[in-house]
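A short worksheet on the structure shown next.
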Amino acid sequence: MLLARPLIRLILAPALALALSGCPSLTERAGLPPSVERAETLERGGDATGAARVYEQLASQNSGAERNDLALRAARGYLAAHAREDAARVLAMLEGPLSAEQSTERSLSGIELALERGQNKEAWQQLSALSEPRSGPQAARYRELLSRAALAAGGPGAAAGLAEEAAPHIALLLPVTGRAAAAAISVRDGFLTAYYQTRPQERPRVRVYDTGTQSVADALTLATRQGADFIVGPLTREEVAAAAEFPAQHAPLLALNFLPAERPAPPQFYQYALSPEDEARVAARRILEDQHRRGVALVPAGDWGERVLAAFRQELLSGGGELLATAAIDASRTDYSGPITELLGLSDSTARFKRLEAAIGTKLQFEPRRRGDVEFIFAPAQPSTERLLRPQLRFHYAGDIPTYATSDAFEPDVRANQELDGLMFPDMPWMLGGDLAEAVRAVTRGAWPTGGPYRGRLFAFGFDAFRLAQALRRPGAGSSVGIDGLTGHLSLDAERRVRREITWAQLHNGELRLLPAAGTP
């Protein structure tokens with residue numbers, strides 16, 4: 001990876017960079033075209049500023065992961081040369097999503113930039129929210145920055161004093177490394193954005209515990225020993241189950257996923273999730289409220305589709321509805337004609353026609369008819385699958401049947417959503433718009449000074465997780481919690497599960513239209 005090779009060399013660059021900072025760079029003298037090899041030559045020669053300029057120029061000529069790598073290398077060079085505003089400029093060039101290593105490098109550079117600007121308290125807060133990296137060079141830089149922050153705070157012994165002072169804190173347990181790192185980092189970005197939007201005098205201390213490098217039990221033990229007075233996380237289903245089984249006492253905990261329905265939660269154990277099963281239940285209730293009773297369901301094959309269908313079926317039947325038929329589609333394919341024709345009875349219509357044609361011995365004009373008792377279609381899927389499924393439903397004479405999905409079907413791209421005309425689904429304010437969503441988007445860069453965070457649902461989930469933690473930490477919060485968040489209106493049920501009230505929308509020519517509440521004229 002482009003980022004790894006120069007990290008150790010750049011640690012040694014500042015002294016040489018100061019000696020050469022008054023001279024034109026070798027690139028300027030030689031007039032050579034920019035290249036990674038040229039930048040590395042400048043680094044070896046101690047010209048950190050010249051190398052940073054080459055990396056910045058290369059970053060502007062690239063995109064995606066390569067652009068991010070080059071911009072991060074440019075930022076390291078500028079920081080080594082104490083050119084803090086140049087470093088801030090190239091950090092703003094970063095484009096999400098970042099890899100786990102890139103995200104860590106961005107965080108480290110943001111901390112170093114804060115130290116260069118004399119923002120020592122902010123640097124220490126950011127360090128406290130960052131686990132020590134696993135990568136050798138990044139771990140060395142983390143420890144170097146920790147020492148710098150401690151010295152800036154009052155001398156070599158200040159790190160211990162600051163750590164002691166930071167004892168009461170919110171512990172954020174996330175797998176920021178490993179297979180779930182991308183999701184965890186997006187949640188963390190949202191969480192810390194909400195943190196920095198809170199008034200300084202109301203901000204609790206936050207420490208991140210990486211469950212990608214330690215077990216949930218070890219993270220809970222460490223957080224408890226270090227004085228956590230509230231815990232947010234962990235994130236995955238497996239981690240949440242492990243947290244529920246943790247035998248020792250710990251602070252109240254807001255898990256970022258749901259336990260299985262049959263698993264009772266321990267005391268002071270709250271649960272918050274973006275659950276497709278919950279949205280399937282919401283869809284079933286909306287269908288019944290729209291006065292539809294009998295319909296069919298078409299879901300992707302596999303565990304996700306089975307879980308969503310089971311939740312939908314249970315809610316529909318309990319409300320007096322009837323599921324006439326179900327079918328599964330293979331999301332790895334592009335033609336869903338077989339399941340659709342079976343589901344809608346078109347194959348039966350064709351079979352009857354062929355029998356009639358054979359009986360009279362004459363070729364007839366024929367247009368297959370779908371079954372006439374279908375009042376709705378429930379068709380949840382990911383966006384790429386939904387964009388193939390919806391036109392095929394229209395082709396098979398089902399375009400006029402009200403079709404419902406979950407929010408997984410939608411992504412904010414007008415051109416990509418042209419094929420989804422008429423589809424109805426529930427979604428969160430962060431995706432559908434609203435005053436809070438627009439306000440957060442407007443200040444995102446200010447709340448996250450080292451670059452814009454992710455704009456997806458998990459970012460909003462992390463944002464609301466912080467606000468929930470703040471509300472639940474208040475004495476006597478109990479079931480009275482009510483928050484208008486980026487993921488919906490949030491409240492607690494009797495089992496301490498966070499319930500989301502979300503808005504319904506429908507696509508028309510690729511554009512969103514918010515739907516009124518069910519039953520509204």
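The values are calculated or read from the model by the stated rules, or taken from the named source; none is laboratory data. Everything numeric here is computed off the predicted structure, so don't read it as measured data. Here the Cβ is made from the backbone with ideal geometry for all residues, glycine too, and neighbour counts use every protein chain on show.
Just to verify a result, which residue in segment 472-510, among those that are assigned to a loop (DSSP other than H, G, I, E, B) and of a type in the set (Gly, Ala, Ser), is modelled with the lowest pLDDT?
Ala477
Which of the residues that make up segment 145-159 are at pLDDT below 80 and part of a helix (DSSP H, G or I)?
Leu146, Ser147, Arg148, Ala149, Ala150, Leu151, Ala152, Ala153, Gly154, Ala158, Ala159
Looking at segment 259-290 only, could you name the residues that are more than 20 Å from Pro380 (Cα to Cα) and not aliphatic (A, V, I, L, M)?
Pro260, Glu262, Arg263, Pro264, Pro266, Pro267, Gln268, Phe269, Tyr270, Gln271, Tyr272
Inspect segment 331-343 for any residue being in contact (Cβ under 8 Å) with a residue 60 or more places away in the chain and within 33 Å of the chain's Cα centre (by Cα) and give the result as yes or no.
Checked against the condition, which is being in contact (Cβ under 8 Å) with a residue 60 or more places away in the chain and within 33 Å of the chain's Cα centre (by Cα), segment 331-343 yields no hits at all.
For Ala255, state whether it is without any contact (Cβ under 8 Å) to a residue 40 or more places away in the chain, closer than 22 Å to Asp278 by Cα and touching a strand residue (DSSP E or B) at 6+ places or on another chain (Cβ under 6 Å).
In short, yes.
Here are some conditions: (1) modelled with pLDDT under 50; (2) over 18 Å from Arg84 (Cβ atoms). Ala15 meets all but one. Which one does it not meet?
(2)
When you scan segment 468-477, do you find a residue that is touching a helix residue (DSSP H, G or I) at 6+ places or on another chain (Cβ under 7 Å), under 21 Å from Ala439 (Cβ atoms), in the same structural domain as Phe230 (by TED's automatic domain parsing) and among the polar types (S, T, N, Q), even just one?
Within segment 468-477 (the criterion being touching a helix residue (DSSP H, G or I) at 6+ places or on another chain (Cβ under 7 Å), under 21 Å from Ala439 (Cβ atoms), in the same structural domain as Phe230 (by TED's automatic domain parsing) and among the polar types (S, T, N, Q)), the answer is no, since none of the residues qualifies.
Kindly list, by first and then second residue, each pair from a residue in segment 72-86 that is in contact (Cβ under 8 Å) with a residue 60 or more places away in the chain and within 9 Å of Ala48 (Cβ to Cβ) to a residue that is assigned to a helix (DSSP H, G or I) and hydroxyl-bearing (Ser, Thr, Tyr), limited to pairs with Cβ atoms under 6 Å and residues at least 6 apart or on different chains.
Hits for this filter: Ala81/Thr49.
Scan segment 176-189 for residues that are buried (at least 24 other Cβ atoms within 10 Å of the Cβ) and over 10 Å from the mean Cα position of the chain (by Cα) and report the count.
The number of residues fulfilling the criteria is 1.
Within segment 454-465, take every residue that is assigned to a loop (DSSP other than H, G, I, E, B) and modelled with pLDDT of 50 or more and give me the one that is farthest from Ser109 (Cα to Cα).
For segment 454-465, the residue satisfying everything is Gly456.
Select, from Ala183, Ala171, the only residue that is modelled with pLDDT of 90 or more, part of a helix (DSSP H, G or I), closer than 30 Å to Val240 by Cβ and not assigned by TED's automatic domain parsing to the domain that holds Ala71.
Matching residue, one of Ala183, Ala171: Ala183.
Count, please, the residues in segment 285-322 that happen to be over 32 Å from the mean Cα position of the chain (by Cα), among the small types (Gly, Ala, Ser) and closer than 20 Å to Pro339 by Cβ.
The qualifying residues number 1.
In this structure, does Arg106 turn out to be within 26 Å of Arg199 (Cβ to Cβ), at pLDDT 85 or above and touching a helix residue (DSSP H, G or I) at 6+ places or on another chain (Cβ under 7 Å)?
In short, yes.
Mind checking which residues of segment 119-143 are without any contact (Cβ under 8 Å) to a residue 24 or more places away in the chain, outside any helix (DSSP H, G or I) and over 22 Å from Pro204 (Cα atoms)?
none
Do you know which residues across segment 118-141 are of a type in the set (D, E, K, R) and closer than 18 Å to Arg188 by Cβ?
Glu122, Glu132, Arg134
Against the conditions (1) at pLDDT below 95; (2) surrounded by 14 or more Cβ atoms within 10 Å (Cβ to Cβ); (3) assigned to a helix (DSSP H, G or I); (4) of a type in the set (Gly, Ala, Ser), where does Ala331 fall short? Just the number, please.
Condition (3) is where Ala331 drops out.
Can you say whether Pro339 is buried (at least 19 other Cβ atoms within 10 Å of the Cβ), at pLDDT 95 or above and in contact with a strand residue (DSSP E or B) (Cβ under 7 Å, 6 or more places away or on another chain), as far as the supplied structure shows?
Considered against the rule, which asks whether it is buried (at least 19 other Cβ atoms within 10 Å of the Cβ), at pLDDT 95 or above and in contact with a strand residue (DSSP E or B) (Cβ under 7 Å, 6 or more places away or on another chain), Pro339 comes out as no.
Inspect all residues belonging to segment 400-419 and state whether any of them is at pLDDT below 85, more than 30 Å from Arg285 (Cβ to Cβ), part of a helix (DSSP H, G or I) and of a type outside the set (A, V, I, L, M, F, W, C).
no
Starting from segment 458-486, keep only residues that are at negative phi, then list their pairs with residues that are among the hydroxyl-bearing types (Ser, Thr, Tyr) and part of a strand (DSSP E or B) whose Cβ atoms are within a distance under 7 Å, requiring at least 6 positions of separation or different chains.
Note: pairs meeting the criteria are Leu472/Tyr270; Val481/Ser491; Gly482/Ser491.
I'd like to check something: does segment 310-328 contain any residue that is assigned to a strand (DSSP E or B), in contact (Cβ under 8 Å) with a residue 60 or more places away in the chain and either in contact with a strand residue (DSSP E or B) (Cβ under 6 Å, 6 or more places away or on another chain) or assigned by TED's automatic domain parsing to the domain that holds Ala460 (or both)?
No - not one qualifying residue is present in segment 310-328.
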